[in-house]
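The values are calculated or read from the model by the stated rules, or taken from the named source; none is laboratory data. Note that the coordinates shown come from a computational prediction; the quantities given were computed from them, not determined experimentally. Here the Cβ positions follow ideal geometry from the backbone for every residue, glycine too, while neighbour counts run over all protein chains shown. These area figures cover heavy atoms from the full protein model, side chains too; ligands, DNA and RNA do not enter into them. Shrake-Rupley method; radii C 1.70, N 1.55, O 1.52, S 1.80 Å.
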Amino acid sequence: MSFDLTIECAHQLDHVDPLAMYRERFHLPVRADGSPYIYMCGNSLGLQPRSTSEQIQQELVDWQQLGVEGHFHAKNPWLPYHEFLTEAMAKVVGAGPHEVVVMNTLTVNLHMMLVSFYRPNGTRNKVIIEADAFPSDKYAVQSQVRWHGLDPEQCLIELKARPGEVCLRPEDIKAHIEECGEQLALVMLGNTNYYTGQYYDIHDITAWARAQGSMVGFDCAHAAGNIDLDLHGSGCDFAVWCNYKYLNAGPGGMGGIFVHERHHEDPKIPRLEGWWGHNKETRFKMRDDFEPIPTAEAWQLSNPPIMAMAAVWSSLQIFDEVGMPALRQKSQQLTAYLEYLVDSLGEDVVDIITPKDPAQRGAQLSIRVKSANKEVYDRVIDRGVIADWREPDVIRVAPVPLYNSYQDVYQLYTALRDAIRS
Ligand SMILES: *Cc1c(COP(=O)(O)O)cnc(C)c1O
């Protein structure tokens, strides 16, 4: 597909877009004059599917009418409720349904996975993370290191880009992993990186880490629903993500975990346990001995918040309908179009720090404004765009293939162009 700088090009791209009708399935935030904002923040908080309020309402009505009996007799019985989400969730992240469960929230889940998969032993105690990891991830890892009585200064290896570069080179990640060798206990990367938008190939990194006898896991908060992941095929040990970014489950929405099947019945992997991880047949017999469900469900602690689960489910139904391959296909073209438009503005005012290679990025582009001129961002926002500014000098934008149009992208471009020229 070739692009040009005219609005007609955007119209034409929308006209032939096979996913164009999905925009109608979402609530777009509106301005005072009733026109929709140019919403480019789906990487931070996805928009609300129109079906979500009805899905939640169903549970409220069943609770009104059935009370505790809703566990068995609600339209969607609450007892097995999480199971209704599993298959669609597993497809989004490329895993078997037995390897995935929706539970808790992201940082909580990261801690739970670290309990199971960061098992420092003698000199094998090092963790590789990114130097510019999402702060919550870094706090989680640091505190786990300390919780084991170890010193983060000694145990954390931070991957930094080379001087003058922003993105990590795969060969440098590999070299660090090999250098740690037998001291490496865990590799844990935020993937896709929230700041640069860089995606690291999970197959390669998993192979490099496992070759050193290390565990490997990913925080896929910015990849789930964005990249067509293959968690099972990569062979990584675990992954966590939130469902409120690309997956539209609402503010503070529930997270998900992936635990590779090879760990499910391995007694050497310790776990924090609660009754929802116990064998479903005997859960209510209130026995003393914990008998784990032989799937990722064993990591569940509590009976889940049904209203929050309903929101995740409503969004997953849309993903199930569209499928990640079709989404990813549109996403690559939509982002390539944005890249083309931004590049036309000239590198002396803005440049894109996200990798150019479509295999190394998802929907997001991080646009660096020269001389850190935040006024450019402020003027873009004044023109009806919702995006975000990350210090010192980056505007993050994510055209989301489910609900953003090519005309949205075009309007973002004209707002940016006018903001630079004014
Ligand atoms: C969004 C995000 C978080 C947020 O964590 P919560 O526990 O959901 O508040 C953490 N880590 C990464 C990498 C994120 O992108």
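Within region 116-141, restricting attention to residues that are assigned to a strand (DSSP E or B) and within 16 Å of the ligand (Cβ to nearest atom), which residue is nearest to GLU273 (Cα to Cα)? I'd like the intermediate steps shown before the answer.
The initial filter retains those residues of region 116-141 that are assigned to a strand (DSSP E or B), namely 121, 124, 126-130.
Narrowing the set further to residues that are within 16 Å of the ligand (Cβ to nearest atom) leaves 127-130.
Working: VAL127: 24, ILE128: 27, ILE129: 27, GLU130: 29 Å.
Of everything passing the filter in region 116-141, VAL127 is nearest to GLU273 (Cα to Cα).
With respect to the conditions (1) open to solvent by 10 Å² or more (accessible area, probe 1.4 Å); (2) within 16 Å of the ligand (Cβ to nearest atom); (3) of a type in the set (Val, Ile, Thr), VAL166 falls short on a single one, namely (2).
Each residue in region 227-238 was checked for being open to solvent by 10 Å² or more (accessible area, probe 1.4 Å) and within 16 Å of the ligand (Cβ to nearest atom), and 1 pass. Restricting GLY164, GLY181, GLY190 to residues that are within 30 Å of VAL400 (Cβ to Cβ) and among the small types (Gly, Ala, Ser) narrows the list to GLY190.
When ASP219 is tested against (1) free of Cβ contacts under 8 Å to residues at least 40 places away in the same chain; (2) within 16 Å of the ligand (Cβ to nearest atom), only condition (1) is not met.
Is it fair to say HIS264 is of a type outside the set (Gly, Ala, Ser), buried (at least 18 other Cβ atoms within 10 Å of the Cβ) and touching a residue at least 40 places away in the same chain (Cβ under 8 Å)? Please lay out each step first, then the result.
Numbers: of a type outside the set (Gly, Ala, Ser): yes; buried (at least 18 other Cβ atoms within 10 Å of the Cβ): yes; touching a residue at least 40 places away in the same chain (Cβ under 8 Å): yes.
Spelling it out, HIS264 is indeed of a type outside the set (Gly, Ala, Ser), buried (at least 18 other Cβ atoms within 10 Å of the Cβ) and touching a residue at least 40 places away in the same chain (Cβ under 8 Å).
For region 63-72, filtered to residues that are open to solvent by 10 Å² or more (accessible area, probe 1.4 Å) and touching a helix residue (DSSP H, G or I) at 6+ places or on another chain (Cβ under 6 Å), the residue that is farthest from ALA140 (Cα to Cα) is LEU66. If only residues of region 189-212 that are assigned to a loop (DSSP other than H, G, I, E, B) and more than 11 Å from the ligand (Cβ to nearest atom) are counted, the one that is surrounded by the fewest Cβ atoms within 10 Å (Cβ to Cβ) is ASP201. Picking from residues in region 142-155 that are of a type outside the set (Lys, Arg) and in contact with a Pro (Cβ under 8 Å, 6 or more places away or on another chain), the one that is nearest to the ligand (Cβ to nearest atom) is GLN142. Screening region 73-115 for residues that are within 16 Å of the ligand (Cβ to nearest atom) and open to solvent by 30 Å² or more (accessible area, probe 1.4 Å) and picking the one that is farthest from the chain's Cα centre (by Cα) gives HIS111. Which pairs have Cβ atoms under 9 Å, sit 6 or more apart or on different chains, and link a residue in region 38-62 that is touching a residue at least 40 places away in the same chain (Cβ under 8 Å) and within 16 Å of the ligand (Cβ to nearest atom) to one that is aliphatic (A, V, I, L, M) and part of a strand (DSSP E or B)? Partner pairs satisfying both residue conditions: CYS41/ILE386; CYS41/VAL397; CYS41/ALA398; GLY42/ALA398; ASN43/VAL397; ASN43/ALA398; SER44/ALA398.
Every residue, every condition in (1) closer than 21 Å to THR107 by Cβ; (2) β-branched (Val, Ile, Thr); (3) buried (at least 18 other Cβ atoms within 10 Å of the Cβ); (4) out of contact with any His (no Cβ under 6 Å at 6 or more places or on another chain), yes or no:
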{"residue": "SER214", "(1), (2), (3), (4)": "no, no, yes, yes"}
{"residue": "ALA221", "(1), (2), (3), (4)": "yes, no, yes, yes"}
{"residue": "ALA224", "(1), (2), (3), (4)": "yes, no, yes, yes"}
{"residue": "VAL240", "(1), (2), (3), (4)": "yes, yes, yes, yes"}
{"residue": "TYR244", "(1), (2), (3), (4)": "yes, no, yes, yes"}
{"residue": "ALA249", "(1), (2), (3), (4)": "yes, no, yes, yes"}
{"residue": "GLY256", "(1), (2), (3), (4)": "yes, no, yes, yes"}
{"residue": "VAL259", "(1), (2), (3), (4)": "yes, yes, yes, yes"}
{"residue": "LEU272", "(1), (2), (3), (4)": "yes, no, no, yes"}
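When you check ASN279 against the structure, is it away from the ligand (no atom under 16 Å from the Cβ), over 22 Å from the mean Cα position of the chain (by Cα) and under 17 Å from LEU85 (Cβ atoms), yes or no? No: the conditions fail for ASN279.
Return a yes/no flag: does region 87-95 have any residue that is under 28 Å from ASP388 (Cα atoms) and outside the structural domain of GLY274 (by TED's automatic domain parsing).
Checking region 87-95: not a single residue is under 28 Å from ASP388 (Cα atoms) and outside the structural domain of GLY274 (by TED's automatic domain parsing).
A residue that is farther than 30 Å from TRP313 by Cβ and free of Cβ contacts under 8 Å to residues at least 60 places away in the same chain occurs nowhere in region 102-113. The residue of region 124-154 that is surrounded by the fewest Cβ atoms within 10 Å (Cβ to Cβ), among those that are closer than 21 Å to ILE173 by Cα and of a type in the set (S, T, N, Q), is GLN154.
Step by step: first the residues of region 393-407, then only those that are part of a loop (DSSP other than H, G, I, E, B) and not hydroxyl-bearing (Ser, Thr, Tyr), then the one that is nearest to ILE318 (Cα to Cα). Which residue is that? Give the derivation first.
Start the filter on region 393-407 by keeping residues that are part of a loop (DSSP other than H, G, I, E, B), which leaves 393, 399-405.
From what is left, the residues that are not hydroxyl-bearing (Ser, Thr, Tyr) are 393, 399-402, 404.
Numbers: ASP393: 35, PRO399: 17, VAL400: 14, PRO401: 12, LEU402: 9, ASN404: 15 Å.
Per the criteria, the residue is LEU402.
Residues considered: ASP408, ASP388. Of these, the only one that is within 25 Å of GLY190 (Cα to Cα) and of a type in the set (D, E, K, R) is ASP388. Of the set (1) more than 19 Å from THR354 (Cβ to Cβ); (2) within 16 Å of the ligand (Cβ to nearest atom), all apply to GLY181 but (2).
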